[in-house]
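Undergrad: Have a look at the structure that comes next, please.
Any read-out appearing in this document is the output of simple, stated calculations on the displayed coordinates, not a laboratory observation. Only a predicted model underlies this, so the values are computations on that prediction, with no experimental measurement involved. Positions of Cβ are backbone-derived with ideal geometry, glycine not excepted, and every protein chain shown enters the neighbour counts.
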Amino acid sequence: MLSSINDVLSAVEKLEDLLVELARRSVQTPSLSGEEGKYADLLLGYMRDLGYDVVYKDHVGNVVGEFYGTEDQLATMFNTHLDHVDPGNLEVWRFDPYSGEIGDGKLYGRGAADTKGATAAMIIAGAAVAKAGVKLRRSFLMTSVVMEEMGECLGMRHLMLGTLKERQIQCIVSGEATSLNIAIGHRGRAELEISTRGKTAHASAPWRGVNAVYKMASILLELEKAAEQLPEHFFLGKATMTVTNIYCKPGKYSIIPDQCTIYLDRRLIPGESLQQVVLALQQLLQEKGLEAEVKPREVEEQTYTGYREKAVKYMPPLYTDPQHSLVQTARKAVESSINYTPEIIKWDFATDLGWAAEHFKIPSIGFSPCEEHLAHTENEYIRLDYLKTAAKAYAALIVALCC
């Protein structure tokens, strides 16, 4: 096995120029949520050229590449997402966010750290293992899903429930940012709506109506108190709840509003579910004698393939025991391949992994060259030394988890 690892690492080194090229071209290919088609085609083309046994995209636009193993249906899955957030104010960027500028040992651009750098490194790692002649027992699945940034796990749900429903996926490694450390979990995320109802009237005679905004004011005070009492996880931290938006209807200056709605961002810890969170809020308001409707926020999305679906804004929490064999195997593989002992960390943000772990109980971790503090920021970048180092670690991980 030692000679195989050395052969694999040597194969990665021979592909380093291609790795940087793929990462750069990825950044140069815009892929906002719902507009990932050109980037998906770019990845498919590279995987075909690199000799993946099968390469395709599914009905919602998820990308899948595979190197076959000898044991039918068993697989290890590496996963990232195709989409990125909007670049925002272009005036604060040093370079055009889609230029793929390289300088000071860094590749700059929107998506470089979330998660195009990791995607490129994973694809190259899979190819290097194959070029080194390593025979896999489990298949290696390279997947990248649509619309992760939207917070509904739409791409992951269709990948797991449809495209890969017949596969026995033994574990998942995510490319979400970890700075070459191993992430074992994160809090979940839910977007909720609370709405009050009143009665319209002319603003000159407010006594003739019922102001829905005033009714909401009492609710806001109770929510602030309730947020202080939320539970805490010993590793992932405290569950949180905060108001992120408020609006009313009709929203005209001379009319008493008869509808007021607030949006909540609720971060969940393991043991909490979306249903429990909604029920707890309903019970809180009922106990306080406050009338309002509480529900998860639901939106209709359309992927770049034209598929449409109503989806709930919810990403479940994730926690993998640090003593789990997946975590320990990954740590040893990283240490042996890049001479670095990774820390065991948590993500502050949520990922699609929580959905797979909640619904299929698949052991899941994250490992990535990307840095979390750079995600969604202006002048986003990925360090090229991290990019090349991660490709070696990914290749070692593939050998450790698939052989």
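Undergrad: When 225, 131 are ordered from fewest to most other Cβ atoms inside 10 Å of their Cβ, what list results? Mind dumping the intermediate values first?
TA: Values: 225 10, 131 17.
Fewest-to-most ranking of 225, 131: 225, 131.
Undergrad: Another question about this same structure. Considering only the other residues whose Cβ falls under 14 Å of the Cβ of residue 298, what net charge follows from Lys and Arg at +1 and Asp and Glu at -1? Mind showing how you got there, number by number?
TA: Working: positive: 295, 297, 308, 310, 313; negative: 152, 191, 193, 293, 300, 301, 309.
Around residue 298, the charge tally is -2.
Undergrad: Starting from the Cα of residue 199, draw a straight line to each of the aspartates and glutamates and keep only those under 17 Å, dropping any in the same chain fewer than 8 residues away.
TA: Once the sequence-local aspartates and glutamates are set aside, what remains near residue 199 is 258, 291, 293.
Undergrad: If you count, for each residue, the other Cβ atoms within 10 Å and average over each peptide, how do 267-279, 384-396 line up from highest to lowest? Provide the component values of the computation, followed by the final result.
TA: Values: 267-279: 17.5, 384-396: 24.2.
Highest mean packing first, the order is 384-396, 267-279.
Undergrad: Mind pulling the per residue volume of the convex hull built on the Cα atoms of the range 308-394? Å³ is fine. Let's see the in-between values first.
TA: Numbers: hull volume 12.4 nm³, N = 87.
Enclosed volume per residue, from the Cα hull, is 143 Å³.
Undergrad: Using Cβ counts within 10 Å as a stand-in for footprinting exposure, how do 305, 178 rank, fewest first? Show your work: numbers first, answer last.
TA: Numbers: 305 17, 178 24.
Placing the least packed residue first, the sequence is 305, 178.
Undergrad: When the helix-only estimate is applied to the chain (DSSP H runs of n ≥ 4, each -39,500 (n - 2.57), divided by the residue count), what is the mean residue ellipticity at 222 nm, nearest 500 deg cm²/dmol? If you can, show how the numbers build up before the last one.
TA: Numbers: 10 runs with 129 residues, N = 403.
Per the formula, -10000 deg cm²/dmol.
Undergrad: Counting alpha carbon pairs within less than 8 Å and at least 6 residues apart, what relative contact order, in whole percent, applies to the chain? Walk me through the numbers before you get to the answer.
TA: Details: 945 pairs, mean separation 104.7, N = 403.
After rounding, I find 26 percent.
Undergrad: Compute the distance from the alpha-carbon center of the range 239-297 to that of the range 1-67, in whole Å.
TA: Between the Cα centre of the range 239-297 and that of the range 1-67, the gap is 42 Å.
Undergrad: Using per-residue counts of other Cβ atoms within 10 Å, averaged over each peptide, order 365-374, 289-298 from highest down. Show your work: numbers first, answer last.
TA: Working: 365-374: 24.3, 289-298: 14.6.
So the peptides 365-374, 289-298, ranked by packing, come out 365-374, 289-298.
Undergrad: Dipole size in debye (nearest 20) for the range 1-73 around its Cα centre, Lys and Arg Cβ +1, Asp and Glu Cβ -1? The partial results should precede the final answer.
TA: Details: 6 positive and 14 negative charges, 61 e Å.
Value, rounded to 20: 300 debye.
Undergrad: Which links in 225/310; 131/361; 38/165; 238/346; 249/288 stretch past 22 Å when you go from one Cα to the other? List each step's numbers first, then the result.
TA: Numbers: 225/310 32 Å; 131/361 32 Å; 38/165 26 Å; 238/346 13 Å; 249/288 24 Å.
Over 22 Å apart, Cα to Cα: 225/310; 131/361; 38/165; 249/288.
Undergrad: Quick check: net charge around residue 92, other residues with Cβ under 14 Å of its Cβ, Lys/Arg +1 and Asp/Glu -1?
TA: On the way: positive: 94, 110; negative: 86, 91, 96, 378, 380.
Net local charge, residue 92 excluded: -3.
Undergrad: Another one. Farthest toward the dipole's positive end in the range 188-302, which of 253, 188, 285, given Cβ charges of +1 (Lys, Arg) and -1 (Asp, Glu) about the Cα centre?
TA: After comparing all options, I get 253.
Undergrad: Please label the shape of the range 119-199 as rounded, prolate or oblate, based on the square roots a ≥ b ≥ c of the eigenvalues of the alpha-carbon gyration tensor (a/c under 1.5 means rounded; beyond that, a/b larger than b/c means prolate, else oblate).
TA: Values: a/c = 3.18, a/b = 2.17, b/c = 1.46.
Taking the square roots of the gyration eigenvalues as a ≥ b ≥ c, the range 119-199 is prolate.
Undergrad: Also, I was wondering about something else. Output needed for the range 37-187: three equivalent-ellipsoid semi-axes, defined as square roots of 5 times the C-alpha gyration tensor eigenvalues, in descending order, whole Å. Walk me through the numbers on the way to the answer.
TA: On the way: eigenvalues 150, 65, 44 Å².
The answer is 27, 18, 15 Å, longest axis first.
Undergrad: Now for a different question. Along its principal axes, what span do the Cα atoms of the range 188-302 show, with the longest given first and each in whole Å?
TA: For the range 188-302, the Cα spread along each principal axis is 54, 39, 18 Å.
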